[in-house]
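Asker: Below you'll find the structure I mean.
The values are calculated or read from the model by the stated rules, or taken from the named source; none is laboratory data. The structure presented is a predicted model; accordingly, all values stated were derived computationally and were not measured. So basically every Cβ, Gly included, is an ideal-geometry build from the backbone, and we count neighbours across all protein chains shown.
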Amino acid sequence: MRVSPALMTFLTGLLLLSIAGILYQHSLVESGAYGTGDSTEAAAPAANVKYACPMRCVEADKPGDCPVCGMEMMPVELDTPASLAASTSAEQEYTCPMHPQIEQDHPGTCPICGMELVLKANDSAAVDPAVAESVAAVKISPLQGLLADVQVAMPEKRMVSRSVDAIGEVEVPEDRINMVVSWQPGRIDNLELAETGVRVSKGQHIMDIYSEELVRAQEEYLIALRARDQLGDSSYDYIADSGKQLLSSAESRLTRLGFTAAQLTALAETKETSEHIPLSSAYDGIVLGKYVNEGDYVMEGSKLYQVADLSELWVQMEVFEEDSAGLIPGMKIKLDCPVHPGMVFNGELELIEPMQSDMTRTQLARVRVANPDMILRPGMLVRSSFQLDRHEALMVVRNAVLQTGDGAIVYVARDGGMWEPRNVTTGLIDGDMIEITAGLAEGEGVASTAVFLLDSEAQIKGIPRIDENAIEEESHSAAHVH
């Protein structure tokens with residue numbers, strides 16, 4: 001009979017797998033994992049000590065290495081013979097594994113599912129009677145605690161604050177927007193500032209204006225100037241004063257029409273009128289708007305240009321209503337812009353608008369930020385971050401707090417392997433830590449792992465959760481009544 005190579009390979013692999021299984025089983029027996037080790041070669045183990053693998057692979061009656069992962073077996077103290085005897089002599093109760101509410105003092109079957117009743121564990125063994133009477137807690141053995149990896153975390157006090165993030169838009173400050181207007185009616189000639197978006201300096205020539213009214217005002221000024229010179233030598237004071245008043249009135253009219261002191265001095269020296277009056281910018285900044293063209297006729301007060309100083313800007317942030325209560329004008333705000341990653345801009349909270357949006361439930365908070373290098377531009381979006389409500393708080397790891405429909409609970413470590421379920425009040429969250437505002441004191445250790453396991457055990461056994469706040473309120477009310 002001829003055997004195919006594939007079948008031969010399969011049979012060989014099956015044989016090797018069987019041999020490996022036999023060797024593994026033999027190593028488990030020798031290690032004492034099944035409690036069948038050679039009693040002649042090993043010392044008699046202590047009655048109240050067992051050895052377990054930290055990775056929960058196996059249990060053994062003697063020290064050694066785990067045959068599965070090779071880690072050193074850890075000793076776990078079990079209940080003493082005295083406690084076992086006490087628990088045996090105590091009244092025994094039987095319960096259904098599927099229906100723990102079924103309890104009786106003799107063996108039998110469950111009236112609901114028909115399963116055989118099992119002996120109910122006595123959780124009061126090896127526990128201080130004073131502790132057992134004072135708290136309603138979950139009792140687990142040391143071996144159960146090791147296998148379930150129940151770890152204790154101590155609460156700690158630290159300074160915490162609530163971090164608030166918001167999105168804002170860069171805007172031009174209203175007090176930095178200036179309007180260049182016409183001081184006299186006339187025609188626009190020699191328009192030099194012909195486009196928006198360019199920078200303009202204070203005193204820079206931007207256009208000339210031809211104005212007949214301004215020409216007449218110059219002629220009246222020259223007439224008043226000659227009258228003052230002619231009447232100034234009069235022996236009658238009122239005549240000399242009238243010449244001065246006439247000149248002052250002519251100067252005031254030219255000033256209202258936009259004449260500067262330098263232009264008045266030049267007119268008095270040259271005694272010649274000018275048809276075109278040069279117009280210069282009175283502000284530094286960027287031209288945001290241009291409202292005239294070459295040859296346009298304008299009236300007194302007509303808009304010519306809009307100039308904005310962008311060396312300081314506003315950031316209008318939208319802050320949710322629960323965060324706006326902690327904002328105070330004068331707070332320092334840090335800003336960062338996605339367009340310039342890595343750069344941080346420092347601003348100061350200037351104003352919190354009193355009105356709230358009923359659509360977004362937010363308020364506008366105005367931040368003033370310096371922009372000397374013109375990096376930020378109006379219309380950009382920036383992110384802001386600021387800290388609120390900085391205070392000292394009692395913090396625990398977030399894994400220790402179990403959020404339920406009735407609130408938050410922690411399991412407090414007590415003597416004798418007992419874990420007390422306790423209602424707590426939580427506050428701020430800082431990374432993987434959470435603030436406990438009530439229900440827990442500094443120095444009380446809590447379970448940071450296997451919390452769901454402890455809570456399931458507590459619910460199965462019907463253990464109530466302790467509310468320290470309610471107890472304190474009841475004691476205060478009782479003292480008040482007495």
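Asker: Can you give me the number of residues within region 330-342 that are within 11 Å of V382 (Cα to Cα), part of a strand (DSSP E or B) and hydrophobic (A, V, I, L, M, F, W, C)?
Answerer: 2
Asker: Can you pull out the residues in region 376-423 that are in contact with a Lys or Arg (Cβ under 6 Å, 6 or more places away or on another chain) and of a type in the set (S, T, Y)?
Answerer: Scanning region 376-423 gives a single hit, S385.
Asker: Specify the residue that is nearest to I223 (Cα to Cα); the eligible residues are those in region 256-272 that are hydroxyl-bearing (S, T, Y) and at pLDDT 80 or above.
Answerer: So in region 256-272, the residues hydroxyl-bearing (S, T, Y) come out as 260, 265, 270.
Keeping just the survivors that are at pLDDT 80 or above gives 265, 270.
Numbers: T265: 15, T270: 13 Å.
Filtering region 256-272 for residues that are hydroxyl-bearing (S, T, Y) and at pLDDT 80 or above, the one nearest to I223 (Cα to Cα) comes out as T270.
Asker: Residues L428, L454, L440: which one is hydrophobic (A, V, I, L, M, F, W, C) and part of a helix (DSSP H, G or I)? Walk me through how you get there before you give the answer.
Answerer: Values: L428 fails: part of a helix (DSSP H, G or I); L440 fails: part of a helix (DSSP H, G or I).
So the residue among L428, L454, L440 that is hydrophobic (A, V, I, L, M, F, W, C) and part of a helix (DSSP H, G or I) is L454.
Asker: May I ask you to list the residues in region 347-382 that are of a type in the set (D, E, K, R) and in contact with a strand residue (DSSP E or B) (Cβ under 7 Å, 6 or more places away or on another chain)? Let's see the steps before the verdict.
Answerer: Of all residues in region 347-382, those of a type in the set (D, E, K, R) come to 348, 350, 353, 358, 361, 366, 368, 373, 377.
Correct list: E348, E350, E353, R361, R366, R368, R377.
Asker: Continuing with the same structure: Given (1) assigned to a strand (DSSP E or B); (2) more than 19 Å from the chain's Cα centre (by Cα), where does L376 come up short, assuming only one miss?
Answerer: All conditions pass for L376, except number (1).
Asker: Over 21 Å from E174 (Cβ atoms), crowded, with 17+ Cβ neighbours inside 10 Å and in contact (Cβ under 8 Å) with a residue 60 or more places away in the chain: does that describe A365? Steps first, answer last, please.
Answerer: Working: over 21 Å from E174 (Cβ atoms): no; crowded, with 17+ Cβ neighbours inside 10 Å: yes; in contact (Cβ under 8 Å) with a residue 60 or more places away in the chain: yes.
No.
Asker: What's the total number of residues in region 384-424 that are touching a Gly at 6+ places or on another chain (Cβ under 8 Å), in a strand (DSSP E or B) and more than 21 Å from E156 (Cα to Cα)?
Answerer: Of the residues in region 384-424, the ones touching a Gly at 6+ places or on another chain (Cβ under 8 Å) are 384, 388-389, 393, 410, 412-413, 417, 422-424.
Imposing the further condition that a residue be in a strand (DSSP E or B) reduces the set to 384, 388-389, 393, 410, 412-413, 422-424.
After this cut, where a residue has to be more than 21 Å from E156 (Cα to Cα) as well, the list is 384.
So the count comes out to 1.
Asker: If I ask for residues that are surrounded by 15 or more Cβ atoms within 10 Å (Cβ to Cβ) and either under 25 Å from the mean Cα position of the chain (by Cα) or in contact (Cβ under 8 Å) with a residue 60 or more places away in the chain (or both), which ones from region 440-451 would you list?
Answerer: Residues of region 440-451 that are surrounded by 15 or more Cβ atoms within 10 Å (Cβ to Cβ), as a first pass: 440, 444-451.
Answer for region 440-451, where residues must be surrounded by 15 or more Cβ atoms within 10 Å (Cβ to Cβ) and either under 25 Å from the mean Cα position of the chain (by Cα) or in contact (Cβ under 8 Å) with a residue 60 or more places away in the chain (or both): L440, E444, G445, V446, A447, S448, T449, A450.
Asker: When you look at L257, is it touching a helix residue (DSSP H, G or I) at 6+ places or on another chain (Cβ under 6 Å) and not charged (D, E, K, R), yes or no? Spell out how you get there, then give the answer.
Answerer: Numbers: touching a helix residue (DSSP H, G or I) at 6+ places or on another chain (Cβ under 6 Å): yes; not charged (D, E, K, R): yes.
Considered against the rule, which asks whether it is touching a helix residue (DSSP H, G or I) at 6+ places or on another chain (Cβ under 6 Å) and not charged (D, E, K, R), L257 comes out as yes.
Asker: Sticking with this one: Which residue pairs have Cβ atoms under 6 Å apart, sit 6 or more places apart or on different chains, and have a first residue in region 412-435 that is not assigned by TED's automatic domain parsing to the domain that holds A450 and among the hydrophobic types (A, V, I, L, M, F, W, C) and a second that is surrounded by fewer than 20 Cβ atoms within 10 Å (Cβ to Cβ) and not in a strand (DSSP E or B)?
Answerer: Pairs that qualify, where the first residue is not assigned by TED's automatic domain parsing to the domain that holds A450 and among the hydrophobic types (A, V, I, L, M, F, W, C) and the partner is surrounded by fewer than 20 Cβ atoms within 10 Å (Cβ to Cβ) and not in a strand (DSSP E or B): there are none.
Asker: Kindly indicate which of L327, L304, L310 is surrounded by 13 or more Cβ atoms within 10 Å (Cβ to Cβ), in a loop (DSSP other than H, G, I, E, B) and modelled with pLDDT of 90 or more. Even if it seems obvious, please write down each step before you answer.
Answerer: Values: L327 fails: modelled with pLDDT of 90 or more; L304 fails: in a loop (DSSP other than H, G, I, E, B).
Exactly one of L327, L304, L310 is surrounded by 13 or more Cβ atoms within 10 Å (Cβ to Cβ), in a loop (DSSP other than H, G, I, E, B) and modelled with pLDDT of 90 or more, namely L310.
Asker: Another question, then. Tell me, which residue of region 85-109 that is more than 23 Å from A458 (Cα to Cα) and at pLDDT below 75 is surrounded by the most Cβ atoms within 10 Å (Cβ to Cβ)? Steps first, please.
Answerer: First, the residues of region 85-109 that are more than 23 Å from A458 (Cα to Cα): 85-86, 88-89, 106-109.
Within this subset, residues satisfying the condition of being at pLDDT below 75 are 85-86, 88-89.
Details: A85: 12, A86: 15, T88: 10, S89: 8.
That would be A86.
Asker: Just for region 388-405: of the residues that are in contact with a Leu (Cβ under 8 Å, 6 or more places away or on another chain) and modelled with pLDDT of 90 or more, which one is farthest from V446 (Cα to Cα)?
Answerer: Initial filter on region 388-405 (in contact with a Leu (Cβ under 8 Å, 6 or more places away or on another chain)): 388-389, 393-394, 396.
Among the residues that remain, those that are also modelled with pLDDT of 90 or more are: 394, 396.
Working: L394: 13, V396: 9 Å.
So the residue we want is L394.
Asker: Any chance region 324-340 includes a residue that's on the phi < 0 side of the Ramachandran plot, among the β-branched types (V, I, T), touching a residue at least 12 places away in the same chain (Cβ under 8 Å) and touching a Phe, Trp or Tyr at 6+ places or on another chain (Cβ under 6 Å)?
Answerer: Quick first cut of region 324-340, residues on the phi < 0 side of the Ramachandran plot only: 324-329, 331-340.
Filter once more, keeping what is among the β-branched types (V, I, T): 328, 333, 339.
Next, from what is left, pick out any that are touching a residue at least 12 places away in the same chain (Cβ under 8 Å): 328, 333, 339.
Still in the running and touching a Phe, Trp or Tyr at 6+ places or on another chain (Cβ under 6 Å): 333.
Scanning region 324-340, I find at least one residue that is on the phi < 0 side of the Ramachandran plot, among the β-branched types (V, I, T), touching a residue at least 12 places away in the same chain (Cβ under 8 Å) and touching a Phe, Trp or Tyr at 6+ places or on another chain (Cβ under 6 Å), so the answer is yes.
Asker: Only strands (runs of 3 or more DSSP E) wholly contained in region 148-255 count here; list those with 1 or more residues that are over 23 Å from A308 (Cα atoms), at pLDDT 85 or above and over 44 Å from the mean Cα position of the chain (by Cα). Explain how you work it out, then say what you get.
Answerer: Details: elements: 156-171, 177-181, 186-189, 205-210.
Those strands (runs of 3 or more DSSP E) span 186-189, 205-210.
Asker: Can I ask one more? Please specify each residue of region 322-354 satisfying the condition of being among the basic types (K, R) and touching a Cys at 6+ places or on another chain (Cβ under 8 Å).
Answerer: Going through region 322-354, the residues among the basic types (K, R) turn out to be 332, 334.
Answer for region 322-354, where residues must be among the basic types (K, R) and touching a Cys at 6+ places or on another chain (Cβ under 8 Å): there is none.
Asker: Now, a different point. List the number of the failed condition for S385; all other conditions in (1) in contact with a strand residue (DSSP E or B) (Cβ under 7 Å, 6 or more places away or on another chain); (2) over 18 Å from V315 (Cβ atoms); (3) modelled with pLDDT under 90; (4) surrounded by fewer than 20 Cβ atoms within 10 Å (Cβ to Cβ) hold.
Answerer: (2)
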